[in-house]
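First up is the structure itself, then whatever we jot down about it.
Computed from the coordinates by the stated procedures, all read-outs in this text should not be read as laboratory data. Remember, predicted model here, so these are calculated numbers, not experimental data. Backbone-built Cβ (ideal geometry, glycine too); neighbour counts: all protein chains shown.
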Amino acid sequence: MESAAFSLGDNLPHPVTGVTLSEADRHRQLIQYSIWASEAGFDAVHIGEHHFNDYMLSSPPVVLSAIGERAPDLILSTAVTLVPTLDPVRAAEDYSTLDNLFPGRVEIVAGRGNFFSRSYPAFGLEIADAREIFEERLSLLQTLLREEDVSWSGRFRGPLENVTIRPRPTRDLPIWIGAGSTASALLAAKLGCRLMLPSVFGHPKMFVPIVERYKEAWEEAGRDVTDIIIGSCSHAFVGSTHDDMRARFVPRYGHYWNFVDQLISDNTGGKVQMPFDLESFLAGPAVAGSSQECIDRMGELHELLGHNRQLFMFDIGGISDSELEETVRRFGAEVLPHLPG
């Protein structure tokens, strides 16, 4: 199984010290986080994209470019690229440029971002059209990356006539679809995209039917089942003991999740609320505890999902540099060697 350091870039005060990094320092921390992950043996880094809130990462290609120069062994990926609020032509140029700088290392994880619906009107879009916009723009992005002299017309942007984006990608860039619904999983299978499960938003069991339907649709499309690639993500912390994890991670985790819950509630008019419940989270979206507990947990997740890559989000809730480096390096030394095959 491949492993990845994962960040959405929350920039919160530490719940104990009250220290909040400047946005500049938080970006620098992300680069250093990636360096530690590379040195610890992780395979990839996944960087999120959000707009207009305390998830302050809004430009993944720029941040990934800085990481790529400092961590030459990491796959450079996103989590997710908000395809509906991007112009597909500009996005194709950005990621193709990144691929030319770091050949063979660049991926795109595409998503709708509909939990954070306020970004849609800010970009001149209607949230009611989110799925249609996503499908149209993702299909166009895929075409622009693969083909030259593209002529195209659709509902949500002006037509193209004989457009070839430059620079051309050095390869067929892998595209994942972040799929929390069957419809998105079916789209991934239709387009031949990898499947990324947004499993930080619930118990992994809830994603099993999505995985099963994706595999069925993949075969129905005439694709080789050996080409299926599935990813999952989790909040993560490894302490010296279980009690150490509870003492240091849990205050930050609850602090972080209260922020997430409020943000989702605000963006859904209170329709979606996900209050923090430590025990259910430790049994659900978190991989946290002692090294052995993390190893056992990964075995359970792999048995459940049969996935190929796991994303670990270590940098949540205002974590300090020293604590972040410590947990990433311990995880690399004591857990990564024992991940399922």
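Quick notes
- Cα gyration tensor, the range 11-162 - rounded (a/c under 1.5), prolate or oblate: oblate
- Ordering L64, L98 by the number of other Cβ atoms within 10 Å of each residue's own Cβ, fewest first, gives L98, L64.
- Share of alpha-carbon pairs per 10 Å distance bin for the range 128-260, given as whole %: 10, 28, 29, 20, 10, 3, 0
- Nearest-0.05 FRET efficiency for S320 and V272, computed from C-beta distance (R0 30 Å): 0.45
- Those residues of the range 199-234 whose amide nitrogen sits under 12 Å from the label point placed on N308, 7 Å along Cα→Cβ: 224-232
- Gain in span if fully extended, H242 to H338, counting 0.36 nm per residue against the direct Cα distance: 32.7 nm
- Between the C-alpha center of the range 292-310 and that of the range 10-83 there is a gap of 24 Å.
- Fraction of beta bridges assigned by DSSP in the range 2-338 that are antiparallel (%, nearest 5): 10
- Relative to the longest principal axis of the Cα atoms of the chain, helix 23-40 runs at roughly 80 degrees.
- Among the GluC sites (Glu not before Pro) in the range 291-341, none is located in a DSSP loop while being surrounded by at most 14 other Cβ atoms within 10 Å of its own Cβ.
- The phi-based Karplus calculation (6.51 cos²θ - 1.76 cosθ + 1.60; θ = phi - 60°) puts the 3J(HN,Hα) values of the range 171-178 at 7, 6, 5, x, 10, 9, 10, x Hz, whole numbers, x for Gly and Pro.
- Note on A128/S151: beta-carbon distance plugged into 1/(1 + (r/R0)^6) with R0 of 22 Å gives a FRET efficiency of 0.15.
- Sorted fewest first by neighbouring Cβ atoms within 10 angstrom, W152, W257, W176 come out as W152, W257, W176.
- Prolate/oblate/rounded label for the range 89-205 (Cα gyration tensor, a/c 1.5): oblate
- Chymotrypsin sites (Phe, Trp or Tyr not before Pro) restricted to the range 1-67 and DSSP loop, no more than 13 other C-beta within 10 Å: F52
- Relative exposure of S77, S139, judged by other C-beta atoms within 10 Å (fewest first): S139, S77
- Annotation for E216 and S59: the two label points, set 7 Å from Cα along the Cα-Cβ direction, are 4.5 nm apart.
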